[in-house]
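This report refers to the structure that appears directly beneath it.
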Amino acid sequence: MSDLRIERARTEEQLADWRAVHNTIIPTAVLSAEEVRERSGRNRLEVAYLGGVAVGCSTVRPPDEETPAATVIARTLPGFRGRGVGTALYERGLAHARTLSDEGVETVVLASNGEGLRFALARGFVELERYVLPGDTIPFVTLRLP
């Protein structure tokens, strides 16, 4: 896909684009602009553009006290799925994640996102756990590459 461009989210405009995609795909955990700025300081956030339109985003979280694996999350807006956007985001994220941890790679998908779960399972991830954030009813699914 020659018109696909993936950029690290650093400017306010890129962070706003990242936030818009995230909040569309994860409506149960909507993030404020300040929360996204804070996340960009500890995680690698990228935005995928087709032409000038933000159509996907990704997060790579380094290992922490709770999770020794790096975490890669690729999100593509529903109208743009099946075009290679998620794969491009995932492959970039996976390459970076592997530089952060020897303990493996995990991902997290909202349980109601059947396409996202199928995407992760098709790439070899296996389900580890499901959890519900306080006040939510839809669980998140944590998966790991074996």
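The values are calculated or read from the model by the stated rules, or taken from the named source; none is laboratory data. Here the structure is a predicted model, which means the values were calculated and not measured. Neighbour counts run over all protein chains shown; Cβ positions are idealised from the backbone, glycine included. Note: accessible area is taken over every heavy atom of the protein model, side chains too, but ligands, DNA and RNA are not part of it. Shrake-Rupley method; radii C 1.70, N 1.55, O 1.52, S 1.80 Å.
The table below gives the values:
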{"read-out": "Reciprocal of mean inverse Cα separation for the stretch 1-74 (Kirkwood radius, Å)", "value": "12.7 Å"}
{"read-out": "Accessible solvent surface per residue of the chain, calculated while the other protein chains remain in place, 1.4 angstrom probe, Å²", "value": "52 Å²"}
{"read-out": "Size of charge dipole - the stretch 4-62 - debye, nearest 20, with Cβ of Lys, Arg +1 and Asp, Glu -1, no other charges", "value": "240 debye"}
{"read-out": "Net charge over other residues, Cβ less than 12 angstrom from the Cβ of residue 44 (K, R count +1; D, E count -1)", "value": "+4"}
{"read-out": "Dimensionless Rg/Rh of the chain - Kirkwood Rh, Rg from C-alpha atoms", "value": "0.93"}
{"read-out": "Under-5 Å amide H pairs with residue 71, H placed in peptide plane, nonlocal only", "value": "61, 106"}
{"read-out": "Cα lying deepest toward the dipole's positive end in the chain, options 138, 50, 23, charges on Cβ", "value": "50"}
{"read-out": "Listed residue (111, 89, 128) projecting farthest to the positive dipole end of the stretch 26-146, Cβ model", "value": "89"}
{"read-out": "Percent accessible area from carbon and sulfur atoms, the chain, protein chains only, probe 1.4 Å", "value": "50 percent"}
{"read-out": "Contour minus Cα-Cα distance for residue 37 and residue 133 (0.36 nm per residue)", "value": "32.4 nm"}
{"read-out": "Loop-located trypsin sites (Lys or Arg not before Pro) in the stretch 51-86, at most 16 other Cβ atoms within 10 Å (DSSP)", "value": "81, 83"}
{"read-out": "Gained length - residue 122 relative to residue 10, 0.36 nm times residue gap less alpha-carbon distance", "value": "37.2 nm"}
{"read-out": "Helix-only [θ]222 nm of the chain, DSSP H runs n ≥ 4, -39500 (n - 2.57) each, per residue, nearest 500", "value": "-9500 deg cm²/dmol"}
{"read-out": "Convex hull projection area averaged over all views, the stretch 89-146, Cα basis, nm²", "value": "4.4 nm²"}
{"read-out": "Rounded to 5, percent antiparallel among DSSP beta bridges of the stretch 1-133", "value": "90 percent"}
{"read-out": "Amide H partners (placed H, <5 Å) of residue 55, local residues excluded", "value": "48, 49, 50"}
{"read-out": "Two-site label geometry, residue 96 and residue 3: point separation in nm, points 7 Å out along Cα→Cβ", "value": "2.5 nm"}
{"read-out": "Cα centroid separation - the stretch 54-95 against the stretch 7-23, whole Å", "value": "14 Å"}
{"read-out": "Size of electric dipole in the stretch 55-116: Cβ of Lys, Arg +1 and of Asp, Glu -1, about Cα centre, debye, nearest 20", "value": "480 debye"}
